[in-house]
Amino acid sequence: MSIYDDLRAKASSMKNFNLRQAFEQDADRFNRFHVEFEDFLLDYSKNLIDDETMSLLRKWAEERHLKDAIKQMFSGEKFNSTEGRAVLHTALRNRSGNPIMVDDKDVMPDVLGVLDKMHNFSDAVRSGKWVGATGKKITDIVNIGIGGSDLGPCMAANALTAYRDRNIRLHFVSNVDGTDIAENLKQCDPETTLFIVSSKTFTTQETMTNANTARAWLVDTLEEDAVSKHFVAVSTNTEEVQKFGINPDNMFVFWNWVGGRYSMWSAIGLSLMIGIGYDNFIKMLEGAHAMDKHFQNADFTENLPVILGLIGAWYAGYMGAESYAVLPYDQYLNRLPAYLQQLDMESNGKGVDRDGKPVTYSTGPILFGEPGTNGQHSFYQLIHQGSHLIPVDFIAPIHSLNETDKHHDILLANVVAQGEALMRGKNREELLAEGVEERLIPFKTFTGNRPSNTLLIDKITPYTFGMLIAMYEHKIFVQGVLWNINSFDQFGVELGKQLAKKVLPELLDKKQSLKHDNSTNALIEKIRKNRH
Ligand code: G6Q
């Protein structure tokens with residue numbers, strides 16, 4: 001019997017597993033299924049698991065050589081096999097002083113050099129030493145980027161709002177829909193606005209279109225040579241940055257071993273560093289580094305990313321779950337689900353294994369979420385009573401950064417109650433005892449047995465926030481290894497980059513003959529007839 005047979009057999013033997021009973025029969029269940037690490041407490045006891053499930057899942061991880069895979073990633077081996085690249089976002093937050101080698105070269109001097117350059121620049125902008133072309137202090141930073149060059153810093157800037165300098169406003173423009181840049185520019189004054197064009201390739205259509213619009217807006221009011229005072233670039237592509245007219249002195253580099261969606265720790269975080277300051281940015285890196293060490297060294301029985309990865313893979317592969325919800329009970333984390341959508345779904349939304357063979361099992365789940373308690377008043381209905389199994393991660397800080405009267409106790413009461421309700425449900429006897437009419441019993445019944453993890457964080461700080469994001473990065477890594485897929489390429493995303501380039505000239509030129517299917521042809525014809 002293979003481990004997969006064992007896991008399948010275990011899943012079918014757990015068909016009648018009941019969480020409510022499991023808790024009633026086992027006073028020690030929480031003790032056995034929770035982990036504390038620094039300011040984190042992960043309660044994973046409200047999952048459809050028992051000791052044997054966990055030990056089989058750990059055996060699966062061993063058979064997939066997860067320990068070796070972790071070593072390979074951290075040591076700079078070309079873990080991204082399709083693109084022949086190392087996967088070293090962990091080097092960006094390596095605070096150990098140890099070298100990290102890629103192709104026989106220590107990357108740490110370059111990493112620390114860019115951090116220094118970001119430090120000087122962000123200090124200069126924050127203090128007013130760096131001024132615009134007319135000598136005025138910068139008040140608005142506009143990060144222009146998309147996908148990995150937007151979601152990370154945008155989400156982090158939101159999450160760490162409490163630590164930000166309120167005299168500098170941060171804007172994130174990503175969509176090629178002109179509304180995005182237009183509405184942001186309406187809030188800005190060219191004399192006091194600094195644009196950070198963030199693009200690994202510096203060829204992304206959306207970003208370059210927005211950057212050119214921003215440049216035209218600036219030059220319309222100020223002179224052409226104002227560009228050097230109002231535009232900086234974050235990229236791996238010096239040539240394209242120069243072509244755009246940005247002085248390489250005002251360029252912050254990163255490297256092809258940093259994947260887009262793993263790049264918020266790099267110079268892609270420049271807007272964030274300007275917002276929260278260098279010291280807070282370093283604290284965020286330190287938190288991520290602490291999680292990196294935990295991931296590398298903690299036993300699998302106590303390893304947060306490993307436990308989360310195993311449980312998620314159990315639901316996806318053996319319990320029939322197709323989706324998964326991340327529900328932060330913290331308004332500052334309101335962009336976390338959107339960020340994790342990319343991190344998880346772009347990394348593990350793969351249909352072939354590392355050898356290019358179609359997979360015969362489920363890989364990454366569909367991820368969604370909203371902050372609690374807002375989500376409770378909308379889609380939680382489906383999680384409680386719908387026909388799908390949707391495992392949930394609740395995330396909540398014990399201390400609020402805005403302790404206002406009873407708000408935070410109410411918030412925490414909600415998150416705890418939701419986990420309990422999903423687990424226990426509500427049965428006929430309980431409803432009858434409440435005096436519910438017989439005809440309404442089926443509608444008011446909650447089957448329960450619906451799983452959740454609860455992550456309590458003492459408080460959201462740059463450090464704990466760094467830990468949190470690194471934890472999810474590594475969870476996704478664990479699942480990629482279990483499923484034998486490459487979590488670090490994204491050919492599906494690249495398709496989009498190519499397709500529109502073909503259609504655009506056809507939209508603009510009525511004379512071009514169309515050779516698509518008749519639906520696509522008709523849509524193009526309708527648009528060009530009405531627009532041009
Ligand atoms: C991330 C993806 C993708 C990428 C964007 C932006 O992992 O590759 O989201 O970050 O397409 O790419 P550029 O940074 O090259 O503009």
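The values are calculated or read from the model by the stated rules, or taken from the named source; none is laboratory data. Just so you know, these numbers come straight off a predicted model, no measurement behind them. As a convention, Cβ positions derive from the backbone with ideal geometry for all residues, glycine included, and neighbour counts pool all protein chains shown.
Looking at (1) of a type in the set (S, T, N, Q); (2) modelled with pLDDT of 95 or more; (3) closer than 24 Å to D140 by Cα, which is the one condition that is false for N247?
(2)
Specify the residue that is modelled with the highest pLDDT; the eligible residues are those in the range 223-237 that are of a type in the set (V, I, T) and more than 14 Å from the ligand (Cβ to nearest atom).
V232
Quick check: is even one residue across the range 382-397 surrounded by 12 or more Cβ atoms within 10 Å (Cβ to Cβ), over 27 Å from the mean Cα position of the chain (by Cα), assigned to a helix (DSSP H, G or I) and of a type in the set (A, V, I, L, M)?
no
Looking at the range 178-222 only, could you name the residues that are more than 16 Å from the ligand (Cβ to nearest atom) and part of a loop (DSSP other than H, G, I, E, B)?
K186, Q187, C188, D189, L222
Out of (1) within 19 Å of Y278 (Cβ to Cβ); (2) surrounded by fewer than 24 Cβ atoms within 10 Å (Cβ to Cβ), the odd one out for A157 is which?
Exception for A157: condition (2).
Do we find that I441 is touching a His at 6+ places or on another chain (Cβ under 8 Å), over 30 Å from L41 (Cβ atoms) and either in a helix (DSSP H, G or I) or of a type in the set (D, E) (or both) in this structure?
Against the criterion (touching a His at 6+ places or on another chain (Cβ under 8 Å), over 30 Å from L41 (Cβ atoms) and either in a helix (DSSP H, G or I) or of a type in the set (D, E) (or both)), I441 does not qualify.
If you take the residues of the range 134-150 that are assigned to a loop (DSSP other than H, G, I, E, B) and within 16 Å of the ligand (Cβ to nearest atom), which of them is farthest from T204 (Cα to Cα)?
My answer is D150.
Quick one: N175 ticks every box in (1) within 16 Å of the ligand (Cβ to nearest atom); (2) assigned to a helix (DSSP H, G or I) except a single one, so which number is it?
All conditions are met except number (2).
Could you list, in sequence order, all residues of the range 77-120 that are outside any loop (DSSP other than H, G, I, E, B) and of a type in the set (V, I, T)?
Within the range 77-120, T90, V102, V111, V114 meet the criteria.
Considering the range 358-367 alone, what residues qualify as being more than 20 Å from H474 (Cβ to Cβ), of a type in the set (S, T, Y) and in contact (Cβ under 8 Å) with a residue 12 or more places away in the chain?
Of everything in the range 358-367, those that are more than 20 Å from H474 (Cβ to Cβ), of a type in the set (S, T, Y) and in contact (Cβ under 8 Å) with a residue 12 or more places away in the chain turn out to be Y361, S362.
Scan the range 5-33 residue by residue and report those that are without any contact (Cβ under 8 Å) to a residue 24 or more places away in the chain, farther than 24 Å from A421 by Cβ and not charged (D, E, K, R).
A9, S12, S13
For the structure I just gave you, tell me whether E286 is charged (D, E, K, R), more than 13 Å from the ligand (Cβ to nearest atom) and touching a residue at least 40 places away in the same chain (Cβ under 8 Å).
Yes; evaluated as a whole, the condition is true for this residue.
State yes or no: is L504 in a helix (DSSP H, G or I) and either out of contact with any Gly (no Cβ under 9 Å at 6 or more places or on another chain) or modelled with pLDDT under 95 (or both)?
Yes; evaluated as a whole, the condition is true for this residue.
Might you let me know whether the range 485-503 holds any residue that is over 20 Å from the mean Cα position of the chain (by Cα), away from the ligand (no atom under 16 Å from the Cβ), surrounded by 14 or more Cβ atoms within 10 Å (Cβ to Cβ) and not small (G, A, S)?
Looking for residues that are over 20 Å from the mean Cα position of the chain (by Cα), away from the ligand (no atom under 16 Å from the Cβ), surrounded by 14 or more Cβ atoms within 10 Å (Cβ to Cβ) and not small (G, A, S), one finds at least one in the range 485-503, hence yes.
Can you tell me which residue is nearest to the ligand (Cβ to nearest atom) among those in the range 257-271 that are touching a strand residue (DSSP E or B) at 6+ places or on another chain (Cβ under 7 Å) and of a type in the set (A, V, I, L, M, F, W, C)?
For the range 257-271, the residue satisfying everything is I268.
Could you say which residue among K46, K67, K15 is modelled with pLDDT under 95 and either more than 28 Å from G259 (Cα to Cα) or surrounded by fewer than 21 Cβ atoms within 10 Å (Cβ to Cβ) (or both)?
Answer to the check: K15.
If you check D509, D458, D517, which single one turns out to be away from the ligand (no atom under 16 Å from the Cβ) and modelled with pLDDT under 95?
Within the list D509, D458, D517, the selection yields D509.
Give the range 238-251 a look and list any residue that's assigned to a helix (DSSP H, G or I) and within 16 Å of the ligand (Cβ to nearest atom), or say none.
Correct list: T238, E239, E240, V241, K243, F244.
List pairs: first in the range 46-62 and among the hydroxyl-bearing types (S, T, Y), second surrounded by fewer than 22 Cβ atoms within 10 Å (Cβ to Cβ), Cβ under 8 Å, 6+ apart or cross-chain?
Within 8 Å, the pairs are T53/K10; T53/M14.
So, in the range 418-438, exactly how many residues are outside any loop (DSSP other than H, G, I, E, B), farther than 19 Å from L42 by Cβ and out of contact with any Phe, Trp or Tyr (no Cβ under 6 Å at 6 or more places or on another chain)?
Matching residues across the range 418-438 total 9.
Only one of these is in contact with a helix residue (DSSP H, G or I) (Cβ under 9 Å, 6 or more places away or on another chain) and within 16 Å of the ligand (Cβ to nearest atom): F281, F300, F254. Name it.
Testing whether each residue is in contact with a helix residue (DSSP H, G or I) (Cβ under 9 Å, 6 or more places away or on another chain) and within 16 Å of the ligand (Cβ to nearest atom) leaves just F254.
Could you grab me the full set of residues in the range 338-357 that are touching a residue at least 24 places away in the same chain (Cβ under 8 Å) and within 16 Å of the ligand (Cβ to nearest atom)?
A338, Y339, L340, Q341, Q342, L343, D344, E346, S347, N348, G349, K350 - these are the residues of the range 338-357 that are touching a residue at least 24 places away in the same chain (Cβ under 8 Å) and within 16 Å of the ligand (Cβ to nearest atom).
Can you pull out every residue in the range 514-532 that is surrounded by fewer than 11 Cβ atoms within 10 Å (Cβ to Cβ) and in contact with a helix residue (DSSP H, G or I) (Cβ under 9 Å, 6 or more places away or on another chain)?
Once the filter is applied, which keeps residues that are surrounded by fewer than 11 Cβ atoms within 10 Å (Cβ to Cβ) and in contact with a helix residue (DSSP H, G or I) (Cβ under 9 Å, 6 or more places away or on another chain), the range 514-532 yields K515, R531, H532.
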